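The structure under discussion appears below in the form of structure tokens.
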Amino acid sequence: MFQVNHLTLLGSGVLGGQIAWHSAFKGKHVVVYDISEEALAACRAAQAQYAALYLMDEIGASEADVAAARQRLSFTTDLAGAVANADLVIEAVPEIPDVKTRVYQQMAPLLQAHTLIATNSSTLLPSDFAAATGRPDKYCALHYANYIWSANLVEIMPHAKTARATLEAVTRFAIETGMVPIAVGTEHNGYVLNSWFPALLNAAQTLVTNGIATPEDVDRTFLIANRGARMGPMGMMDVVGMKTVYDVSMHWGHVRGDAQQLANAEYIKTHLLDKGRTGLLAGKGYYDYPDPAYEAADFLAVPPLSK
């Protein structure tokens with residue numbers, strides 16, 4: 001059976017960096033591609049944080065495990081070199097259709113005949129890009145959740161021309177890297193996870209955009225109603241990254257003619273992106289890191305009476 005030993009990540013952002021690190025930790029040889037050295041440097045910095053997490057009790061990795069993962073990782077701005085030996089390429093570039101299409105078209109003549117391609121798109125369909133890949137039978141969606149070492153699910157979604165062998169190979173890859181494969185029976189823009197997740201974030205952002213509640217109070221209501229949850233929707237946005245949240249809101253706001261979603265995108269641009277508050281990787285988004293307010297012991301406490 002076809003086995004993925006060499007993986008290439010197109011895009012070194014939040015999820016691209018996580019997929020690359022975790023796959024290397026699980027024994028795969030991984031090349032991370034991005035268009036700038038600055039982006040790759042940010043990815044390396046984020047992966048240093050992941051290494052520290054993996055050494056903690058939740059993962060229980062040893063120093064030798066982490067060192068071995070680092071040895072299996074490489075980084076480049078050369079697309080041809082990045083995909084030259086790939087068994088599987090996972091595309092994790094910005095959630096902008098024209099950008100994804102251009103990347104596939106540039107990559108198509110550079111691939112070996114056996115190479116599989118998967119998109120980690122949050123909301124778009126594989127059929128939107130299958131022709132641009134030049135190998136629609138070897139293409140599907142492979143969508144991860146953030147914090148993939150603990151939220152270890154991956155959604156596998158074919159389009160009409162995806163070969164069964166492709167689905168079998170990516171499912172095997174998912175299991176080998178510690179993921180729970182979630183089969184999506186037919187193309188659906190939100191998969192399973194993102195049928196409810198962007199709706200949650202959009203609803204939360206609407207409350208903030210329209211002055212109904214502060215970001216902190218939005219998260220307090222969520223965390224009190226969902227005791228044991230790690231963070232609320234505004235904290236989740238920081239993890240996803242504000243550029244991705246903005247891109248998704250702009251795209252679907254225009255597609256659906258949704259004035260509120262477009263207003264939410266503009267709020268994110270004005271109040272966060274334009275001020276450099278791009279999310280967790282930047283150390284600031286709705287919250288400041290590494291000690292966000294929602295992790296404070298008194299964040300959900302009953303407040304004292306005013307004096």
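Among (1) in contact with a strand residue (DSSP E or B) (Cβ under 9 Å, 6 or more places away or on another chain); (2) in contact (Cβ under 8 Å) with a residue 40 or more places away in the chain, which single condition is ILE182 missing?
Single failed check for ILE182: (2).
Can you pull out the residues in region 128-161 that are in a loop (DSSP other than H, G, I, E, B) and aromatic (Phe, Trp, Tyr)? If you could, list the steps in order and put the result at the bottom.
Within region 128-161, the subset in a loop (DSSP other than H, G, I, E, B) is 129, 134-135, 145-152, 158-161.
Correct list: PHE129, TYR147, TRP149.
Please pick out the residue among LEU116, LEU167, LEU124 that is open to solvent by less than 20 Å² (accessible area, probe 1.4 Å), within 28 Å of PHE197 (Cβ to Cβ) and out of contact with any Phe, Trp or Tyr (no Cβ under 8 Å at 6 or more places or on another chain).
Numbers: LEU116 fails: out of contact with any Phe, Trp or Tyr (no Cβ under 8 Å at 6 or more places or on another chain); LEU167 fails: open to solvent by less than 20 Å² (accessible area, probe 1.4 Å).
Among LEU116, LEU167, LEU124, only LEU124 is open to solvent by less than 20 Å² (accessible area, probe 1.4 Å), within 28 Å of PHE197 (Cβ to Cβ) and out of contact with any Phe, Trp or Tyr (no Cβ under 8 Å at 6 or more places or on another chain).
Quickly run through region 231-257 and pick out the residues that are in contact (Cβ under 8 Å) with a residue 12 or more places away in the chain and either among the basic types (Lys, Arg) or in a loop (DSSP other than H, G, I, E, B) (or both).
From region 231-257, those in contact (Cβ under 8 Å) with a residue 12 or more places away in the chain are 231-253; that's our starting set.
MET231, GLY232, GLY241, LYS243 - these are the residues of region 231-257 that are in contact (Cβ under 8 Å) with a residue 12 or more places away in the chain and either among the basic types (Lys, Arg) or in a loop (DSSP other than H, G, I, E, B) (or both).
Quickly run through region 26-59 and pick out the residues that are touching a residue at least 60 places away in the same chain (Cβ under 8 Å) and aromatic (Phe, Trp, Tyr).
TYR50, TYR54
Would you mind finding the one in VAL30, VAL103 that is open to solvent by 10 Å² or more (accessible area, probe 1.4 Å), on the phi < 0 side of the Ramachandran plot, of a type in the set (Val, Ile, Thr) and not in a loop (DSSP other than H, G, I, E, B)?
Every option except VAL103 fails the conditions.
State the number of residues belonging to region 250-307 that are under 22 Å from the mean Cα position of the chain (by Cα) and of a type in the set (Gly, Ala, Ser).
Qualifying residue count for the region: 7.
Return the residues of region 259-293 that are touching a Phe, Trp or Tyr at 6+ places or on another chain (Cβ under 7 Å), open to solvent by less than 60 Å² (accessible area, probe 1.4 Å) and within 22 Å of SER121 (Cα to Cα); say none if nothing qualifies.
Of the residues in region 259-293, the ones touching a Phe, Trp or Tyr at 6+ places or on another chain (Cβ under 7 Å) are 261, 265, 268-269, 273, 280, 283, 287, 293.
Among the residues that remain, those that are also open to solvent by less than 60 Å² (accessible area, probe 1.4 Å) are: 261, 265, 268, 273, 280, 283, 287, 293.
Across region 259-293, the qualifying residues are GLN261, ALA265, ILE268, LEU273, LEU280.
Taking into account only those residues within region 34-58 that are part of a loop (DSSP other than H, G, I, E, B) and touching a helix residue (DSSP H, G or I) at 6+ places or on another chain (Cβ under 7 Å), which is modelled with the highest pLDDT?
ASP34
Considering only residues that are part of a strand (DSSP E or B) and under 13 Å from VAL93 (Cβ atoms), which ones fall in region 5-27?
Filtering region 5-27 down to residues part of a strand (DSSP E or B) leaves 6-10.
Listed by number, the residues that qualify are THR8, LEU9, LEU10.
Which of the residues that make up region 176-226 are part of a loop (DSSP other than H, G, I, E, B), open to solvent by less than 20 Å² (accessible area, probe 1.4 Å) and over 16 Å from SER249 (Cβ atoms)? Walk me through how you get there before you give the answer.
Let us first name the residues in region 176-226 that are part of a loop (DSSP other than H, G, I, E, B), namely 177-179, 184-192, 210-214, 226.
In the following step, the residues that additionally are open to solvent by less than 20 Å² (accessible area, probe 1.4 Å) were identified as 177, 179, 184, 190-191.
Within region 176-226, THR177, MET179, VAL184, TYR191 meet the criteria.
The values are calculated or read from the model by the stated rules, or taken from the named source; none is laboratory data. What you see is a predicted model; the values in this text were computed from it and never measured. Backbone-built Cβ (ideal geometry, glycine too); neighbour counts: all protein chains shown. These area figures cover heavy atoms from the full protein model, side chains too; ligands, DNA and RNA do not enter into them. Shrake-Rupley method; radii C 1.70, N 1.55, O 1.52, S 1.80 Å.
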